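K.L.:
Starting off with a structure, shown below.
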Amino acid sequence: MSQGGRLPHLSDDEDAIVGMPIRARRRLFALLVLFTVTGATALMVASLSVGGFDGVDTVMTALFAVTLPWTAIGFWNAAIGLMVMRTKPDTARAVCPPLVDSSDRSPIWARTAILSCIRDEDIDAVGRNLDLMIADLVAQGDADRFHIFVLSDSHRPEAIAAEQSRIQHLAARWHGQMGITYRRREHNTGFKAGNIRDFCDRWGLAYDFMLVLDADSLMTANTILRMVRTMQAAPQLGILQTLVAGLPSASAFARPFQFGMRLGMKSYTIGSAWWQADAGPYWGHNALLRVAPFTAHCELPRLPGRGPLGGWILSHDQVEAALMRRAGFAVRVMPIESGSWEENPTTLPAFIDRDLRWCQGNLQYLKLLRLPGLEPVSRIQLALAILMFVASPAWVLLMLVGLFRLASTADPVFDPATGALLLASVLTMVFAPKLATLIDALATSRGRRQYGGAMPLLASSIAEVLFSALIAPIMAIAHTRFIGGLVFGRAVFWRAQDRALHRVAPRTAMRRLWPQTLVGGGALLVLGLTGADAALLLSPFYVGALLAVPIAVTTSLPRLGSRAAELRLWCTPDEVEPVPPIASLPLCALRRPTPVRVLTAAGPEPTL
């Protein structure tokens, strides 16, 4: 097939495997989401109509409607994912038919470049992970078909010197078994996308595929080789994305987050792969890309205009997936839980920093929605990526308008029965992905064992729901404040993520999270003065906001995280049954705790 040729959306074989043509699946999914959003909006109207329906009620309903699409999509992804998990013996191949069988041992003929993209990172951790992956590939006997490229955008002299020394040592260790190249750019033009583009321009012609990694990525040779064999067998496949799990952590913040992600991502991703099919996601790392079409068709435009939404695109991945699909090549996700990992932020401030980079990058998609030639589903994905963050200020404004309504009238604001039904419906939709995977795990002895048993799994799930409920308003207010700052030209400062265990000092937490504290404390005071029963519907949001500082401080305490690991709270399968690469890592969740740093108030604020 020619490089620029158009591909059909799905082959007849896939239609037969799934049991429904792709267009029919997408139409059905769209109808389900539309029906759900319409039904929830109608419940909101009914709930607010207890004393009539005025302009303030209209505003509240409109804000509520903005928050619904992602919630409804998550619910139906989970429902469909659970159905596929319980009815298909090979779930991964049911939603990703090009995927070769795990027992496939066909010869590896393709040349693959493994790209480790770094910028002022902990090079010892980067080198450790690369060393493990190289050793695994050498043991499999296929290392000669791979070449490591460490692509540095670092600018700190001490980081550059450490990189050169560590990679030189790594190259000497594996000399004659796998090639390793280190390259540093003077300027990080285009950020990570520009880093990869520079590789394509210099070396791309020599390689069939490239495996894109982040600084904290770790993958097994079995996963890498299965991806390469799949790409070899499916010339129409342009991007193959893995599920990315969090490495076991002893951070009291990261543990519930990575547990919730591990519990929710399986059903969610399988359900989304059912309807997205050949227009699936690319998350920018731990993915295999076909070099020729990527080089020819996926160069990102420099966005017009100045300010935070102009210039180089921060969130490059989804745009590149849309461009690859526009070129006629499929983008697929490989929904297998093990074999592909990353490190999660270990504190609440670090987590917020990472999210705000995504927020700014996703909002840049506003300038790309009319990009010519995109598949309709790709355009919808870009719009949903924008809405994912726009929903946060809508939610915050909804809570504030609801607070205003409660404080300004003595009349009933919500119908109790309808309001309770609406709340139950929303909570069910929000937690559906985790609930679906929980049901699937509890259904088998192996599923229960992977999470340390039925009781630890249930206890961890309940604790994670409470944790998520507290964190959600903190993040929503952070997004809202940041988006408001974008209007006045404020933007993120691109810097390396802090993945090490470290304490957050109370003064630092207050400096970062005072808006949440102010909103939460003020709102709860107003709610307490109103004494209305409807205040109970709003109070959980403000409780989470009020507790932002204590949550940031306590979840950074090393002893709390270590104790949670000892009790198997928020335990993931990688802790219960660690595969060799994981077992060989000096991870605190698997071994004794390591010393931690204290993040003091004197340190620079890393985001704004």
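K.L.:
Does ARG128 satisfy the criteria of being of a type in the set (D, E, K, R) and touching a helix residue (DSSP H, G or I) at 6+ places or on another chain (Cβ under 8 Å)?
P.N.:
On the way: of a type in the set (D, E, K, R): yes; touching a helix residue (DSSP H, G or I) at 6+ places or on another chain (Cβ under 8 Å): no.
When the stated conditions are applied, ARG128 does not pass them.
K.L.:
Applying the selection to the stretch 80-103, what residues are under 21 Å from THR223 (Cα atoms), surrounded by 21 or more Cβ atoms within 10 Å (Cβ to Cβ) and of a type in the set (Val, Ile, Thr)?
P.N.:
VAL95, the sole residue that qualifies.
K.L.:
Looking at (1) over 30 Å from PRO578 (Cα atoms); (2) modelled with pLDDT of 95 or more; (3) within 14 Å of the chain's Cα centre (by Cα); (4) of a type outside the set (D, E, K, R), can you tell me which one TRP341 breaks?
P.N.:
(1)
K.L.:
Could I ask something else about it? Could you identify the single residue in LEU130, LEU137 that is buried (at least 22 other Cβ atoms within 10 Å of the Cβ) and touching a Ser or Thr at 6+ places or on another chain (Cβ under 9 Å)?
P.N.:
Working: LEU137 fails: touching a Ser or Thr at 6+ places or on another chain (Cβ under 9 Å).
Step by step, each of LEU130, LEU137 is checked, and only LEU130 is buried (at least 22 other Cβ atoms within 10 Å of the Cβ) and touching a Ser or Thr at 6+ places or on another chain (Cβ under 9 Å).
K.L.:
Here is a further query. Looking at this structure, is LEU34 touching a helix residue (DSSP H, G or I) at 6+ places or on another chain (Cβ under 6 Å) and either part of a helix (DSSP H, G or I) or β-branched (Val, Ile, Thr) (or both)?
P.N.:
Details: touching a helix residue (DSSP H, G or I) at 6+ places or on another chain (Cβ under 6 Å): no; either part of a helix (DSSP H, G or I) or β-branched (Val, Ile, Thr) (or both): yes.
So LEU34 does not fit the description; no.
K.L.:
While we're looking at this one, here's another question. Please work out which residue is farthest from PRO393 (Cα to Cα), limiting yourself to the stretch 46-58 and to residues that are crowded, with 16+ Cβ neighbours inside 10 Å and not acidic (Asp, Glu).
P.N.:
VAL50
K.L.:
Taking the stretch 89-115 as the search range and keeping residues that are closer than 21 Å to SER338 by Cα and of a type in the set (Lys, Arg), which one is farthest from the chain's Cα centre (by Cα)?
P.N.:
Among those that are closer than 21 Å to SER338 by Cα and of a type in the set (Lys, Arg), it is ARG105.
K.L.:
Right, another one. Hey, can you tell me all the residues within the stretch 239-255 that are assigned to a strand (DSSP E or B) and modelled with pLDDT of 95 or more?
P.N.:
ILE239, LEU240, GLN241, THR242
Results for (1) acidic (Asp, Glu); (2) assigned by TED's automatic domain parsing to the domain that holds ALA469; (3) modelled with pLDDT of 90 or more, shown as yes or no for each residue.
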residue	(1), (2), (3)
ARG511	no, yes, yes
LEU538	no, yes, no
GLY544	no, yes, yes
VAL553	no, yes, yes
ASP574	yes, yes, yes
GLU577	yes, yes, no
PRO580	no, yes, no
VAL596	no, yes, no
ALA601	no, yes, no
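K.L.:
Looking at the structure I just gave you, is GLU121 in a loop (DSSP other than H, G, I, E, B) and more than 25 Å from LEU225 (Cβ to Cβ)? Give the derivation first.
P.N.:
Details: in a loop (DSSP other than H, G, I, E, B): yes; more than 25 Å from LEU225 (Cβ to Cβ): yes.
Here the answer is yes, as GLU121 does meet what is asked.
K.L.:
Scan the stretch 99-151 for residues that are of a type in the set (Val, Ile, Thr) and more than 28 Å from LEU205 (Cβ to Cβ) and jot them down.
P.N.:
Residue satisfying the conditions is ILE123 alone.
K.L.:
Next up: Find all pairs meeting these conditions: Cβ atoms under 8 angstrom apart; at least six residues apart or on different chains; first residue within the stretch 294-310 and outside any helix (DSSP H, G or I); second residue surrounded by fewer than 19 Cβ atoms within 10 Å (Cβ to Cβ) and among the basic types (Lys, Arg).
P.N.:
Sorted first by the residue in the stretch 294-310, then by its partner, the pairs are LEU303/LYS367; PRO304/LYS367; GLY305/LYS367; PRO308/ARG490; LEU309/LYS367; GLY310/LYS367.
K.L.:
Does the stretch 504-520 hold any residues that are part of a helix (DSSP H, G or I) and either in contact (Cβ under 8 Å) with a residue 40 or more places away in the chain or surrounded by 18 or more Cβ atoms within 10 Å (Cβ to Cβ) (or both), and which are they?
P.N.:
Selection gives PRO506, ARG507, THR508, ALA509, ARG511, ARG512, LEU513, GLN516, THR517, VAL519, GLY520.
K.L.:
Evaluate the following for LEU371: is it in the same structural domain as GLU337 (by TED's automatic domain parsing) and outside any helix (DSSP H, G or I)?
P.N.:
So LEU371 fits the description; yes.
K.L.:
If you go through the stretch 279-331, how many residues are touching a helix residue (DSSP H, G or I) at 6+ places or on another chain (Cβ under 8 Å) and acidic (Asp, Glu)?
P.N.:
2
K.L.:
For the stretch 65-82, state whether one or more residues are out of contact with any Pro (no Cβ under 9 Å at 6 or more places or on another chain), in contact (Cβ under 8 Å) with a residue 60 or more places away in the chain and part of a loop (DSSP other than H, G, I, E, B).
P.N.:
No, that holds for no residue.
K.L.:
Let me ask another. Please find, within the stretch 310-338, the residue that is modelled with the highest pLDDT out of those that are under 15 Å from the mean Cα position of the chain (by Cα) and of a type in the set (S, T, N, Q).
P.N.:
The residue in question is GLN318.
K.L.:
Restricting to the stretch 402-428, give me the number of residues that are assigned to a helix (DSSP H, G or I), over 30 Å from the mean Cα position of the chain (by Cα) and crowded, with 17+ Cβ neighbours inside 10 Å.
P.N.:
Number of matching residues: 6.
K.L.:
What are the residue pairs meeting all of these: first residue in the stretch 460-482, first residue touching a residue at least 12 places away in the same chain (Cβ under 8 Å), second residue among the aliphatic types (A, V, I, L, M) and not in a helix (DSSP H, G or I), Cβ atoms under 7 Å, and 6 or more apart or on different chains?
P.N.:
Sorted first by the residue in the stretch 460-482, then by its partner, the pairs are SER460/LEU569; ALA463/LEU569; LEU470/LEU547.
K.L.:
Answer yes if at least one residue in the stretch 344-354 is surrounded by fewer than 19 Cβ atoms within 10 Å (Cβ to Cβ) and in a loop (DSSP other than H, G, I, E, B), and no otherwise. Spell out the reasoning first.
P.N.:
Taking the stretch 344-354 as the starting set, the residues that turn out to be surrounded by fewer than 19 Cβ atoms within 10 Å (Cβ to Cβ) are 354.
Filter again for in a loop (DSSP other than H, G, I, E, B), leaving none.
There is no residue in the stretch 344-354 that is surrounded by fewer than 19 Cβ atoms within 10 Å (Cβ to Cβ) and in a loop (DSSP other than H, G, I, E, B).
K.L.:
Next up: Hey, any hits in the stretch 266-278 for a residue that's in contact (Cβ under 8 Å) with a residue 12 or more places away in the chain, outside any helix (DSSP H, G or I) and in the same structural domain as ALA350 (by TED's automatic domain parsing)?
P.N.:
Yes, there is a match, as at least one residue in the stretch 266-278 is in contact (Cβ under 8 Å) with a residue 12 or more places away in the chain, outside any helix (DSSP H, G or I) and in the same structural domain as ALA350 (by TED's automatic domain parsing).
K.L.:
Please give the helices (runs of 4 or more DSSP H) falling wholly within the stretch 136-238 in which 2 or more residues are outside the structural domain of CYS117 (by TED's automatic domain parsing) and within 28 Å of the chain's Cα centre (by Cα).
P.N.:
Fully inside the stretch 136-238 and qualifying: 221-233.
K.L.:
Would you please name the residue that is nearest to GLY307 (Cα to Cα), looking only at residues in the stretch 440-488 that are touching a Pro at 6+ places or on another chain (Cβ under 8 Å) and aromatic (Phe, Trp, Tyr)?
P.N.:
Result: PHE467.
K.L.:
Determine whether ALA589 is modelled with pLDDT of 90 or more and assigned by TED's automatic domain parsing to the domain that holds THR508.
P.N.:
No; evaluated as a whole, the condition is false for this residue.
K.L.:
Residues LEU486, LEU466, LEU457: which one is more than 30 Å from TRP341 (Cβ to Cβ) and out of contact with any Ser or Thr (no Cβ under 7 Å at 6 or more places or on another chain)?
P.N.:
On the way: LEU466 fails: more than 30 Å from TRP341 (Cβ to Cβ); LEU457 fails: more than 30 Å from TRP341 (Cβ to Cβ).
So the residue among LEU486, LEU466, LEU457 that is more than 30 Å from TRP341 (Cβ to Cβ) and out of contact with any Ser or Thr (no Cβ under 7 Å at 6 or more places or on another chain) is LEU486.
The values are calculated or read from the model by the stated rules, or taken from the named source; none is laboratory data. As the structure is a prediction and not an experimental result, all values here were calculated from the model. Methodologically, a virtual Cβ is constructed for each residue, glycine included, from the backbone with ideal geometry; neighbour enumeration extends over all protein chains shown.
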